[in-house]
Structures are given as C-alpha cells and as structure tokens.
1. Picking from 241, 211, which residue would you name as being without any contact (Cβ under 8 Å) to a residue 24 or more places away in the chain and over 30 Å from residue 384 (Cβ atoms)?
2. Could you tell me whether residue 153 is touching a helix residue (DSSP H, G or I) at 6+ places or on another chain (Cβ under 8 Å), crowded, with 17+ Cβ neighbours inside 10 Å and either farther than 30 Å from residue 224 by Cβ or at pLDDT below 95 (or both)?
3. Could you list all residues from segment 325-344 that are crowded, with 17+ Cβ neighbours inside 10 Å and farther than 13 Å from residue 262 by Cβ?
4. I'd like the residue in segment 219-251 that is surrounded by fewer than 14 Cβ atoms within 10 Å (Cβ to Cβ) and within 20 Å of the chain's Cα centre (by Cα) and, out of all such residues, is farthest from residue 43 (Cα to Cα).
5. With the requirement that a residue be without any contact (Cβ under 8 Å) to a residue 24 or more places away in the chain and assigned to a helix (DSSP H, G or I), what does segment 297-332 give you?
6. Any residue at all in segment 136-147 that's touching a residue at least 40 places away in the same chain (Cβ under 8 Å), crowded, with 21+ Cβ neighbours inside 10 Å, within 23 Å of residue 234 (Cα to Cα) and touching a strand residue (DSSP E or B) at 6+ places or on another chain (Cβ under 6 Å)?
7. Give the residues of segment 258-280 that are touching a strand residue (DSSP E or B) at 6+ places or on another chain (Cβ under 8 Å) and surrounded by fewer than 16 Cβ atoms within 10 Å (Cβ to Cβ), sorted by residue number.
8. Quick one: in segment 281-316, which of the residues that are surrounded by 13 or more Cβ atoms within 10 Å (Cβ to Cβ) and modelled with pLDDT of 85 or more is nearest to residue 117 (Cα to Cα)?
C-alpha cells in the first residue's frame, strides 16, 4: 500500500507541475481580450494622432491648388495731409487733405489646365497621405498584438517555471529522505540541488521578462495588464501564397502610397508645361480720389483683359523639366520595388505561419510522449528499474516540451497576425472596432473656424 501511495502521489505531482500547460488555466470573468487591448492602444497612440494632423495638413494642398482660378479682391485706402510753406499766404502754411480708395477684382480665365493639373496632383498627394496613415496604423496594431501576447507568454512561462521549482523542491526532499534510508546516493541529492539552483536562476530572468512585457503593455495602452485572454487565429487566412500575394497587391498601404506618389510625379511635367503657356486674366477696378482745395477729384471704373505668355524659356525651366521626368521614372521604379518587397514579405510570413502550425503539431505530440515517459519513469524508480537520475531527466524533458508547446502556440498566433499585416489587412475592422477605423475624410480641419479670413491665432 505504501508503494502504491507513493506512485499515486508521483502522478499527482506531475499533474500539479504541468497541468497549467496541459489543461490550460481558467480565465477570469473580467479578462481583457485582444480587442480591448487594441481599442485602448489606438486611443492612446500619439503616433496616430500626429499622423491624423499630417493628413489634415495634406488636404489643404487641394484648396491651395484650386486658388489658381479663384476670384481675388483687393481694397486699398489712404489718407494724407499736406502742409506747404507759402510766402503768399498769411500765416505761411497751406493745408491740403487727400483721400483715395480703390477696389480691384481679378480672375484667371484661361491657364491651359495648370490649375486642374495641380488639383489632381494634390488629390493624389492626399491619397498617399491616407495610405501612409493606414500603414502606420497597422504598425501600431501589430505592436499592440505583440505586447498582448508577450504578457501572456511571459506569465505562462513564469507559471511553468514556478511549478517546475515546486517539483524540484519535492524531488530534492524525497532524495534526501531516500539518502537517509540508503536508497539514494549523495550524487542524487547533489544533482537535484544543482537543477534546482538552475531553475531559480532561470526563474529570475523570466520574472524580469514579465515585468518588461507588462511595462510595455502599460506604455502602449495606458492600462495595467489584467487577465489577458489568448486570442484565436484570424479567420479566413488565404489558402495559398498566390492568393495572399494578390490580396496584398490590392490592399497593402505601402503599395497604394507608392502608386499615389507615382501619379503625383507623373503630373509634374505637364504642370510645368502649362506654366509656360499663355494665360488670360480679367481685372475689374474702381477707384476714387478726393482732394480739398483742388479740382482734382475723380472716380474711375476700368476693366482689363490681360493676355500674357512667356517669351523665353529659361535654363532653370528646362532643368526643372528634366528633373520632373527623372522623378517620375524614379517613382515608377519605387512602385515596382515596393511590390517586390511586399510579395517577399507575404511569402515569408505565409511560410512562417504554416511552419509554426506544423511545429505545434509535433511539439504537442512530443509533450504527450514526454508526459507518459515521466510518469512511467517515476513508477520504474519505485520498483528499482530506473535510477533517480533517469527520472529527473524524464521530468526535465517534460518541462522542456511544456515550454516549447506554450511558446509555439504563441508563435502560431503571432505569425498569423504578421501574415495579415503583410497582406495589408490588419485594420481595426478585423477586431470589430469599426468605430476606431478613422474615416480620415470626416476629420474636421481648421478651415471651418476661419471660413473667410486668416486666423489671428491658430492656438487652441
């Protein structure tokens, strides 16, 4: 009965030591999901806040481009007083007051498409800024996912290592009892103490890693990490590399940004061509002059139609034309290079995800075999078939397999989200956070506060 009792206790010890990995720890009712983490991180991100302001600034280029054909108006008013010394006048001085004013309206009627081309270029620049924002948003979301998983991984590793320490302490105590009974050697006790000391050392490093992970989480979200829920693998991952590449080429913000930049560069030469073509401008003016003590008072109305064209094309203009053509060619190479880099990133992420899935299957099988081996080793030691060292080696293998299984599970998740990012699909919508998916075109800008004049102050 005593021997059977020891065997039963040994099996219970294995369950206690490694049950967190084999069975899985229960989740708190107040657990924080990955969705909660991302929602908090998006709200806190200063990087995204800055990018939103940059996008607002980029939109102003459209209005600036449209101003080329806008009606402009200028009002000029002046008052003057003249004191003139004259010997013919008693007192020696003569005063004269003068008041004048003018109102001028002007508008460009014809510019051979220069304004329209500049507006198109400005719109493409806004498209590039929008794509850049989405790219940065993906990076922020990926950082939040990594922080979430790092905390979970560090906590689970700490739990496994502390369970291992508890097992080694029990094993050391048992070895000391067996040494006293003559069924163990001093080497057995020394071996358990050595392994226990190494376990304590590794545990210190794990605790430090956990603190770092929790501080990173706090920095990114503004929240202390509570009971974090392990997320599921994203649904509807592409079945083939080709499908993943096709989706990336359509959606990836870096590609879309490069394409928009190429469109902007493509328009620079036509814009330059339009700038050296004739322009037609209409001006309407009204002026008034009122002078005291004279008959020089007058009022004038005038309309002027001005036709102007460059007479000579300067070397500077020719140089800018060559620069525009070269910049456009460079931008086309940039698009091609970005597509190549994106395809490579997709292929790498796709293979990494499927490799980690295959590794997980193997590690789970290894863990099951290691668990059975450790349980049998404990029984065989009791019957004298194996030594205490054999048992410790078997239990170390189970410990190592348990760690690898936990780490591989996290690697599968992380690689899955990296694949989604490589395809350009890592958006708030993926986490049912449509309200966090900023519609950049709906962001108000300062123009609503100053519709007719320049602001006296731009401060809040």
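1. Answer to the selection: 211.
2. Spelling it out, it is not the case that residue 153 is touching a helix residue (DSSP H, G or I) at 6+ places or on another chain (Cβ under 8 Å), crowded, with 17+ Cβ neighbours inside 10 Å and either farther than 30 Å from residue 224 by Cβ or at pLDDT below 95 (or both).
3. Across segment 325-344, the qualifying residues are 342, 343.
4. Top of the filtered list is 250.
5. 315, 316, 318, 319, 322, 323, 326, 329
6. Taking every residue of segment 136-147 in turn, none turns out to be touching a residue at least 40 places away in the same chain (Cβ under 8 Å), crowded, with 21+ Cβ neighbours inside 10 Å, within 23 Å of residue 234 (Cα to Cα) and touching a strand residue (DSSP E or B) at 6+ places or on another chain (Cβ under 6 Å).
7. Result: 278, 280.
8. Here the answer is 281.
The values are calculated or read from the model by the stated rules, or taken from the named source; none is laboratory data. What you see is a predicted model, and the numbers here were worked out from it, not measured in a lab. A quick note on method: Cβ atoms are made from the backbone with ideal geometry, for glycine too, and the neighbour counts reach across all protein chains shown.
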